[in-house]
Amino acid sequence: MSKQEFTIEDLKRILLEGAGAEEGVDLDGDILDADFEELGYESLALLETGGLIEREYGISLDDEIFTDNRTPRTLVVAINAYLGELASAA
């Protein structure tokens, strides 16, 4: 069974687990509207993050979710929208 909500705290934990954090980047700071590249997360790190999200939540994400959502805020919103769609379809 998949979880029903994806939070910024979930994203931070998964980013750290999958790719770590660049020196000088404080994920506990105000990162909601920072571009992932500014935070040190390139496309490969985001693909790894996506794989971890998929496994933990039992979902399959399109690669476009990461190219279309370049900040933690928009990514969390997009993943929650997707989870909501899945819950509505069940």
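The values are calculated or read from the model by the stated rules, or taken from the named source; none is laboratory data. Nothing here was measured: the structure is a model prediction, and the numbers come from that model. Cβ placement follows ideal geometry from the backbone for every residue including glycine, while neighbour counts extend to all protein chains displayed. In case anyone asks, the SASA skips ligands and DNA or RNA and just uses the protein heavy atoms, side chains included. Shrake-Rupley method; radii C 1.70, N 1.55, O 1.52, S 1.80 Å.
Structural descriptor for the chain: relative contact order 41 percent, calculated from alpha carbon pairs under 8 angstrom and at least 6 residues apart. Going through [x] 1.03; [y] 1.23; [z] 1.12, the figure that equals Cα Rg over 2.2 N^0.38 Å as computed for the structure here is [x]. Put a dot 7 Å past the Cα of E9, heading toward its Cβ, do the same for E56, and the two dots end up 1.2 nm apart.
Multiplying the residue separation of D33 and A90 by 0.36 nm and subtracting their alpha-carbon distance yields 17.3 nm.
Accessible surface calculations at 1.4 Å, restricted to protein heavy atoms, place the chain at 60 Å² per residue.
Solvent-accessible area of the chain (1.4 angstrom probe, protein heavy atoms only): carbon and sulfur portion equals 49 percent.
Using the rule -39500 (n - 2.57) for each DSSP H run of four or more residues, divided by the residues of the chain, the 222 nm mean residue ellipticity is -17500 deg cm²/dmol.
Heavy-atom accessible area for L27, with the other protein chains in place and a 1.4 Å probe, reaches approximately 10 Å².
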